[in-house]
């Protein structure tokens, strides 16, 4: 029992690394099994297909990332401070990836969204749900800031979508230039999106 | 002579369609030649490798897109109107793709940026140059608007980068949701990024 779940974890870990380094389309099950050091028969014991494996990798990654986002967004800190920390954490995460493996890995969900284009509808559906969840998490904090009169947005849902789009676009550039420092403009940009016009480096006040 | 350049065009057209539909990594030269109806020998007469072909496809696409951007951005219209038209044209182009082939194709440069991650340095370098050129084109118009006192940005280069990032992020979502109408928030978001606070639907005045 310990042995089989060990094999499953090996496959998940190898798949995650390979998806991050080489994308989804170009990978085959044989190659994933080889990298995991697991026979191909084990693969089909745990996963129906490469798509099934990708769904599991996505869910595992979102479970971890959702926890990170909740830790930052669901606190007693000022709403604008919580949003600022989300973007700082995004930069720190990409910096850590570059420090450990030499490359900015980008956002797994954004990478897969652009790569799979018109194929793999199950994956696309799951990615849509994840981005909806991210927008909802950000929107809740934007609403809190609006209730306090700190931001000037007419539509909190649109504002949250623009902020997540800004995050995805800037992460794309951080990856393309292999430069996590690209992300230090995320928070000033999102303050502008929210109509917060004062100095973006100043501490947020009540 | 007419015959060989015809073969080259067939390869470029087939490659462009296949890159858009299936991405770069998963494609092989044999498959591209088959779709183009051209023998593999011809391929290596025109292109050194799949990467060489991809560079040619990227350059051809950027030549056309740069012309579109220049037509919109280098006019005598008000600066803010020129920027607004750029985003409207982006939405119209994705809508046209969806109308003709059923799918929002996204931005070829963004798609390739996220897909190729750490491989293919020649392609990455070229994509970096293209995004730098896009940022410079947008920045020129943002500067014109700032000279007229119409926008409130401290750093026009940062503002232009945020606008192109916003475009890439929103195009990512338009592709993921196969919904070009997602892009109708691009201009309001970019007005906010520029610190233009009035009604985004109102006509821009001098």
**Q.** Only listed residue being closer than 15 Å to residue B:13 by Cα and touching a residue at least 24 places away in the same chain (Cβ under 8 Å), chosen from B:78, B:91, B:60
**A.** B:60
Q. Listed residues A:104, A:196, A:153, A:138; which is more than 11 Å from every other protein chain (Cβ to nearest Cβ), over 30 Å from residue B:101 (Cα atoms) and either modelled with pLDDT of 90 or more or not in a helix (DSSP H, G or I) (or both)?
A. A:138
Q. From the list B:13, B:90, which residue is within 21 Å of the chain's Cα centre (by Cα) and within 30 Å of residue B:143 (Cα to Cα)?
A. B:90
Q. Name the residues in the range B:109-122 that are facing chain A (nearest Cβ under 10 Å) and either surrounded by fewer than 20 Cβ atoms within 10 Å (Cβ to Cβ) or part of a loop (DSSP other than H, G, I, E, B) (or both), would you?
A. B:117, B:118, B:119
Q. Out of the range B:157-186, which residues are more than 9 Å from chain A (Cβ to nearest Cβ), surrounded by fewer than 21 Cβ atoms within 10 Å (Cβ to Cβ) and modelled with pLDDT of 90 or more?
A. B:157
Q: Any chance you could count how many residues in the range A:22-46 are closer than 19 Å to residue B:22 by Cβ and assigned to a helix (DSSP H, G or I)?
A: 3
**Q.** Among the candidates B:54, B:64, B:97, residue that is surrounded by 19 or more Cβ atoms within 10 Å (Cβ to Cβ) and assigned to a helix (DSSP H, G or I)
**A.** B:54
(Q) Of the conditions (1) modelled with pLDDT under 90; (2) part of a helix (DSSP H, G or I); (3) at the interface with chain A (Cβ under 8 Å from one of its Cβ atoms), residue B:90 satisfies every one except a single condition; which number is it? (A) (3)
Q) With (1) assigned by TED's automatic domain parsing to the domain that holds residue B:185; (2) modelled with pLDDT of 90 or more as the list, and residue B:121 as the residue in question, which single condition is left unmet? A) (2)
Q) Which condition breaks for residue B:128 when tested against (1) within 14 Å of chain A (Cβ to nearest Cβ); (2) exposed (fewer than 15 other Cβ atoms within 10 Å of the Cβ)? A) (2)
Q) Is it the case that residue A:81 is more than 14 Å from chain B (Cβ to nearest Cβ), within 30 Å of residue A:163 (Cα to Cα), out of contact with any helix residue (DSSP H, G or I) (no Cβ under 8 Å at 6 or more places or on another chain) and modelled with pLDDT of 90 or more? A) no
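The values are calculated or read from the model by the stated rules, or taken from the named source; none is laboratory data. In this text the structure is predicted, and so the values were computed from the model without any measurement. Here the Cβ is made from the backbone with ideal geometry for all residues, glycine too, and neighbour counts use every protein chain on show.
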